[in-house]
1. Tell me the strands (runs of 3 or more DSSP E) entirely within the chain that contain at least 2 residues that are charged (D, E, K, R) and touching a Leu at 6+ places or on another chain (Cβ under 9 Å).
2. Pairs please, first residue from the stretch 38-56 and on the phi > 0 side of the Ramachandran plot, second anywhere and within 16 Å of ligand 1 (Cβ to nearest atom), Cβ atoms under 6 Å, 6+ apart in sequence or on different chains.
3. Give the residues of the stretch 38-49 that are within 16 Å of Asp90 (Cβ to Cβ) and in contact with a helix residue (DSSP H, G or I) (Cβ under 8 Å, 6 or more places away or on another chain), sorted by residue number.
4. How about the stretch 31-42: which of its residues are more than 9 Å from the chain's Cα centre (by Cα) and surrounded by 21 or more Cβ atoms within 10 Å (Cβ to Cβ)?
5. Any chance the stretch 23-42 includes a residue that's touching an Asp or Glu at 6+ places or on another chain (Cβ under 9 Å) and among the hydroxyl-bearing types (Ser, Thr, Tyr)?
6. Restricting attention to the stretch 57-94, report how many residues are within 16 Å of ligand 1 (Cβ to nearest atom) and either surrounded by fewer than 13 Cβ atoms within 10 Å (Cβ to Cβ) or touching a residue at least 40 places away in the same chain (Cβ under 8 Å) (or both).
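Read the figures in this text as sums done on the coordinates, not as results from a lab. On a predicted model such as this, the values are computed, not experimentally measured, just so you know. As a convention, Cβ positions derive from the backbone with ideal geometry for all residues, glycine included, and neighbour counts pool all protein chains shown.
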Amino acid sequence: MEFLVRPVRNQPDVAEVRYDCACGCKPRARYHKGVDEANHEHCCCGRVHFVGMNAGQRLQAYLTERRAQGEDAGIAYSLHATAVQAPWGDSIPVAYALPDAPKAH
Ligand SMILES: [Zn+2]
Ligand SMILES: [Zn+2]
């Protein structure tokens, strides 16, 4: 998984973190400088990435909640963490989960 960072037009404190998914989508999530939150996109194929503060914890909480709702029955995820650099130099935490059997696009 290779994540790319893009500035957002007219929003100097926002960066978009995206990747080219193997399914053909281009999932993206926004990072807001200095804000204690993480945003995510859950791709159609089942891959999901979180971007922002405590991205790893938030990803785990999200998956736990989905499992509790019965939405991920039979799916096992592998969890990963990385970081990318914001246009203003900060390190942006990125966490992502890969399902053992991604769905078709
Ligand atoms: Zn995908
Ligand atoms: Zn897709």
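1. Output list reads 11-19.
2. Gly46/Pro99; Gly46/Pro102; Gly46/Lys103
3. Taking the stretch 38-49 as the starting set, the residues that turn out to be within 16 Å of Asp90 (Cβ to Cβ) are 38-39.
Ala38 - this is the single residue of the stretch 38-49 that is within 16 Å of Asp90 (Cβ to Cβ) and in contact with a helix residue (DSSP H, G or I) (Cβ under 8 Å, 6 or more places away or on another chain).
4. Residue satisfying the conditions is Tyr31 alone.
5. Within the stretch 23-42, the first condition is being touching an Asp or Glu at 6+ places or on another chain (Cβ under 9 Å), and the residues that meet it are 25-35.
Within this subset, residues satisfying the condition of being among the hydroxyl-bearing types (Ser, Thr, Tyr) are 31.
Within the stretch 23-42, one or more residues are touching an Asp or Glu at 6+ places or on another chain (Cβ under 9 Å) and among the hydroxyl-bearing types (Ser, Thr, Tyr).
6. Of the residues in the stretch 57-94, 3 are within 16 Å of ligand 1 (Cβ to nearest atom) and either surrounded by fewer than 13 Cβ atoms within 10 Å (Cβ to Cβ) or touching a residue at least 40 places away in the same chain (Cβ under 8 Å) (or both).
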